[in-house]
Ligand code: BDP
């Protein structure tokens, strides 16, 4: 018996790869610096640390530094709390810098409350590195930046780094329900365990806050935009308070989604009409109650009159009336309303692309100053590729906040390796031409052009209870990229991927050389095998998993994929030019030029704006049908190339994550074949043309693909 037990134990031990990593630490791995020269150099440069201040944030800084340096340098560095002439690293907010403060003067004025300075001082008495800021949170950001220098093996000689965020609200929107399911969540259940809160503070909450702070995220909305009024009841608000308390040292403010009909559902009122004084009073009192528990509460995030959610239009009031009522309740506490522009309605026969613009553009100038409008990157819905939303640039009197989707609802969910920074960047760099050339979407959202002080960027979170937080090991990169771009939207996708790879996997240059192209091409590859040439919204119903361009039986026309691709015997694509829905008319004339003439239209968006004949010749000299085949087959083929490239990287990474990615790439390749075959077989019914003979033929029938059913797919 004992022998068998021992044998089992041995087997079990052998089955765990020696260099296993489960991904929990994400990019804060703090493993020992491998290059011995660099390691010794760091050890020599950081001999003693002086930390000024004793706030909870300073405490967090100290704990991060001791863990970080212990892991990275393998040493325990002595800390001192008071002035210390031996200190080689001095850390503290400017108010504690004493006489030295003046030498940082001009930069300190520039960096605001959240920026930081990291500088090597040559000061005789006090040589060494100083990390300082106007606030403790700024210092925390500086410390994370400093640790990143070590994690990515950069020089820490002669440092002079001055960094401050371009946007003030850098946010995550969780779509987490109170029963711990996550709408469009592919990484397990919600990390908020409402059942054990407020008493039990899971270590995950702190690690979540650390990870966010390390990339500058300073706001989180905890609950689904399809909101449940119960979150605003006392027992839940106490749980919210516990989370807010845990996040506060890391500079993170909590927001909640507020269901517009809460006054009826939990307040027992007869109406939720925003112009009714009893309703207004109810919200004032509720808001006061929230602030009595969470004094730095951020505000409410609202989805109203969209996809069945209640809103001011139920009472014939406008979105501005609804937003302003909440804004008035929040104003005394300096809270804000984030009102979503993602609205469309089944009663409206207008092209869905046009509905949000039609609804909101006329309301420009009608919102209170503490309202910011949250606009999705595109007019339809987080598609793999989408032209930028026409509201950007069209509402100069209203601050507009960017909403990206980090969870990959339409981009392979958690089985596909898709790095989203290129998607984010494509939108941010788009020229709106709203006030002449060069007024990019990024410039609109940072508010500089129209002098708005409220500004921000949010991402729908991809975080769940999975051990590695995001399901796919590479999905962590999208959380990371969101934070980095919200801090500085001028960073390139490559810079972000490079630092993420180094911290998350390895500094080995051969590894980076192999892994970087995989990440940088991955979004284009996904577009090719799922939604090429401007196709969109042709995914499975409900779960949005896989292809289903044939769906035509849903109640609301704009829920059916056929509404979007409009394939028929003459061609395919949605005519949104002036001869069609004229959605194109919502863009400024110069921007429109990119798309309005079929012969000049950017091909990546061709079928978004035009209904194109099957035999129309593209720039490649291929006719449209052949181009569609080319795109689908090339996309699938490139997934195979990704698989090979990843195989080559085995020696540079731990076995556990190497294998996870390898298995997921296999699923991705099967899904790419599925997309390719299902879409081509379906569209072929209209084109009536053969798949060119150089391609292997689909081995399954259209009926087979149409018969697939995924009732239990996650995220729905
Ligand atoms: C859609 C999602 C749906 C969300 C909606 C939203 O499928 O689950 O509720 O976006 O943003 O893409 O409100």
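The values are calculated or read from the model by the stated rules, or taken from the named source; none is laboratory data. Keep in mind it's a predicted model, so treat the numbers as computed, not measured. We place every Cβ from the backbone using ideal geometry, glycine too, and count neighbours over all the protein chains shown.
For the stretch 188-205, how many residues are out of contact with any helix residue (DSSP H, G or I) (no Cβ under 6 Å at 6 or more places or on another chain), surrounded by fewer than 20 Cβ atoms within 10 Å (Cβ to Cβ) and assigned to a loop (DSSP other than H, G, I, E, B)?
Count: 8.
I need every pair where a residue in the stretch 303-315 that is within 17 Å of residue 223 (Cβ to Cβ) and without any contact (Cβ under 8 Å) to a residue 40 or more places away in the chain has its Cβ under 6 Å from the Cβ of a residue that is within 11 Å of the ligand (Cβ to nearest atom) and assigned to a loop (DSSP other than H, G, I, E, B), sequence separation at least 6 or different chains.
Between residues of the stretch 303-315 that are within 17 Å of residue 223 (Cβ to Cβ) and without any contact (Cβ under 8 Å) to a residue 40 or more places away in the chain and residues that are within 11 Å of the ligand (Cβ to nearest atom) and assigned to a loop (DSSP other than H, G, I, E, B), the close pairs are 306/342; 306/343.
Consider the stretch 211-223. How many of its residues are outside any loop (DSSP other than H, G, I, E, B) and away from the ligand (no atom under 16 Å from the Cβ)?
Final tally of qualifying residues: 6.
Being crowded, with 22+ Cβ neighbours inside 10 Å, more than 16 Å from the ligand (Cβ to nearest atom) and over 16 Å from residue 258 (Cβ atoms) is true for just one of 341, 320, 329. Which residue is that?
Sole residue among the options that is crowded, with 22+ Cβ neighbours inside 10 Å, more than 16 Å from the ligand (Cβ to nearest atom) and over 16 Å from residue 258 (Cβ atoms): 320.
For the stretch 127-156, give me the residue count where each residue is over 21 Å from residue 35 (Cβ atoms) and surrounded by fewer than 18 Cβ atoms within 10 Å (Cβ to Cβ).
Adding up the residues that qualify gives 1.
Provide a single number: the residues in the stretch 140-186 that are within 16 Å of the ligand (Cβ to nearest atom) and within 26 Å of residue 64 (Cα to Cα).
Of the residues in the stretch 140-186, 4 are within 16 Å of the ligand (Cβ to nearest atom) and within 26 Å of residue 64 (Cα to Cα).
Each row is one residue, and each column tells you yes or no for (1) under 20 Å from residue 385 (Cα atoms); (2) modelled with pLDDT of 95 or more; (3) assigned to a helix (DSSP H, G or I).
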{"position": "404", "(1), (2), (3)": "yes, yes, no"}
{"position": "407", "(1), (2), (3)": "yes, yes, no"}
{"position": "412", "(1), (2), (3)": "yes, yes, no"}
{"position": "425", "(1), (2), (3)": "yes, yes, yes"}
{"position": "443", "(1), (2), (3)": "no, yes, yes"}
{"position": "451", "(1), (2), (3)": "no, yes, no"}
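Does residue 208 satisfy being closer than 23 Å to residue 460 by Cα, part of a helix (DSSP H, G or I) and at pLDDT 95 or above? Explain how you work it out, then say what you get.
Details: closer than 23 Å to residue 460 by Cα: yes; part of a helix (DSSP H, G or I): yes; at pLDDT 95 or above: yes.
When the stated conditions are applied, residue 208 passes them.
Look through the stretch 375-386, keep the residues that are touching a strand residue (DSSP E or B) at 6+ places or on another chain (Cβ under 6 Å) and away from the ligand (no atom under 11 Å from the Cβ), and return whichever of them is nearest to residue 364 (Cα to Cα).
375
Which of the helices (runs of 4 or more DSSP H) found entirely inside the stretch 503-614 contain at least 3 residues meeting this: more than 21 Å from residue 381 (Cβ to Cβ)?
Here the list reads 509-530, 589-592.
Return the pair list, or none, for Cβ contacts closer than 8 Å from residues in the stretch 458-476 that are within 16 Å of the ligand (Cβ to nearest atom) to residues that are assigned to a loop (DSSP other than H, G, I, E, B) and at pLDDT below 95, at least 6 apart or on different chains.
Partner pairs satisfying both residue conditions: 462/414.
Step by step: first the residues of the stretch 392-414, then only those that are within 15 Å of the ligand (Cβ to nearest atom) and within 30 Å of residue 328 (Cα to Cα), then the one that is surrounded by the most Cβ atoms within 10 Å (Cβ to Cβ). Which residue is that?
Looking at residues that are within 15 Å of the ligand (Cβ to nearest atom) and within 30 Å of residue 328 (Cα to Cα), I get 402.
Residues are listed down the side, and each one gets a yes or a no for (1) within 15 Å of the ligand (Cβ to nearest atom); (2) surrounded by 24 or more Cβ atoms within 10 Å (Cβ to Cβ); (3) assigned to a loop (DSSP other than H, G, I, E, B):
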{"position": "260", "(1), (2), (3)": "yes, yes, yes"}
{"position": "268", "(1), (2), (3)": "no, no, yes"}
{"position": "271", "(1), (2), (3)": "no, no, yes"}
{"position": "281", "(1), (2), (3)": "no, no, no"}
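For the stretch 32-83, give me each residue that is farther than 21 Å from residue 138 by Cβ, buried (at least 16 other Cβ atoms within 10 Å of the Cβ) and under 31 Å from the mean Cα position of the chain (by Cα).
33, 71, 72 - these are the residues of the stretch 32-83 that are farther than 21 Å from residue 138 by Cβ, buried (at least 16 other Cβ atoms within 10 Å of the Cβ) and under 31 Å from the mean Cα position of the chain (by Cα).
If a residue must be closer than 17 Å to residue 173 by Cβ, more than 12 Å from the ligand (Cβ to nearest atom) and in contact with a strand residue (DSSP E or B) (Cβ under 8 Å, 6 or more places away or on another chain), how many such residues does the stretch 224-237 contain?
Within the stretch 224-237, the first condition is being closer than 17 Å to residue 173 by Cβ, and the residues that meet it are 224-228, 231.
Applying the additional criterion that residues be more than 12 Å from the ligand (Cβ to nearest atom) yields 228, 231.
Next, only the ones that are in contact with a strand residue (DSSP E or B) (Cβ under 8 Å, 6 or more places away or on another chain) stay: 231.
Qualifying residue count for the region: 1.
Please work out which residue is farthest from the ligand (Cβ to nearest atom), limiting yourself to the stretch 297-317 and to residues that are part of a helix (DSSP H, G or I) and surrounded by fewer than 23 Cβ atoms within 10 Å (Cβ to Cβ).
Within the stretch 297-317, the match that is farthest from the ligand (Cβ to nearest atom) is 315.
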